[in-house]
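A quick write-up on the structure given underneath.
The values are calculated or read from the model by the stated rules, or taken from the named source; none is laboratory data. What you see is a predicted model, and the numbers here were worked out from it, not measured in a lab. Ideal geometry is used to build each Cβ from the backbone, glycine not excepted, and the neighbour counts take in all protein chains shown. Ligands, DNA and RNA are excluded from the accessible area calculation, which covers all protein heavy atoms including side chains. Shrake-Rupley method; radii C 1.70, N 1.55, O 1.52, S 1.80 Å.
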Amino acid sequence: DFITFAENRLRRELRIRQMLKSVTTSTVSGDSTVELPADFLEIRDLFTQGNPRMPVTYLSPSAFTRDARADESGLPVFYTVLASEFQFAPQPDSAYTLEILYYAKPPVLSGSNPSNVFLANYPDALLYGALLEAEPYLINDARSQTWATLYDRAVKNISDADQGGEYSGIPLQMKLTSR
């Protein structure tokens, strides 16, 4: 149970490249919604396939309701996330293929799944998280701060290394785009 609690904590706190997943799905003409993937944590990018691929722009739910042209139909230009669905505007007027790049929940460790991204790449964070989750049940408050410090340091190091590695060796450039 403590390992599961630690995995849940890591799922909430980490967004790293090893958790990225790309899927395609299709819209249905006249239906402005598409279900989120079952393992969805957070969106990274959303495009409609075609030539050229067209980005679909995120709007907050309130901005979407106010500004998204939801009463029109055509190629989706905007989206928001409501409950367990993407909602698109304009409402699709035909089937469009969507590419979704998102952070996915790694599968939990079990007898049938002996490894996952956390155990394979960050066993220290998983160990410190499990020990941190166990201490309140063991009534060993003196060790809680030690495990919390080690866990926080591991998560920070993982995040920093992931951010640094995402663009390593490539100088950042500003690019202006137009629609």
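If the Cβ limit is 8 Å and pairs must be 6+ apart or interchain, which residue in the stretch 30-45 that is closer than 13 Å to Gln87 by Cβ and in contact (Cβ under 8 Å) with a residue 12 or more places away in the chain pairs with which residue that is among the aliphatic types (A, V, I, L, M) and assigned to a loop (DSSP other than H, G, I, E, B)?
Cβ pairs passing all conditions: Ser32/Ala70.
With small (Gly, Ala, Ser), surrounded by 13 or more Cβ atoms within 10 Å (Cβ to Cβ) and farther than 30 Å from Ser26 by Cβ as the only criterion, which of Ser115, Ser159 stands out?
Residue meeting the stated conditions: Ser159.
From the residues in the stretch 1-17 that are touching a residue at least 40 places away in the same chain (Cβ under 8 Å) and under 11 Å from the mean Cα position of the chain (by Cα), which one is surrounded by the fewest Cβ atoms within 10 Å (Cβ to Cβ)?
Arg17
Show the residue pairs meeting these rules: Cβ distance below 6 Å; 6+ apart or different chains; first residue within the stretch 118-145 and more than 23 Å from Met19 (Cβ to Cβ); second residue surrounded by fewer than 18 Cβ atoms within 10 Å (Cβ to Cβ) and aromatic (Phe, Trp, Tyr).
Ala134/Phe2
Please go through the stretch 54-73 and pick out each residue that is under 21 Å from the mean Cα position of the chain (by Cα) and either open to solvent by 40 Å² or more (accessible area, probe 1.4 Å) or free of Cβ contacts under 8 Å to residues at least 40 places away in the same chain (or both).
Met54, Pro55, Thr57, Tyr58, Leu59, Ser60, Pro61, Phe64
Of everything in the stretch 74-92 that's touching a Ser or Thr at 6+ places or on another chain (Cβ under 8 Å) and not in a strand (DSSP E or B), which residue is most open to solvent (accessible area, probe 1.4 Å)?
Once the filter is applied, the top-ranked residue is Leu75.
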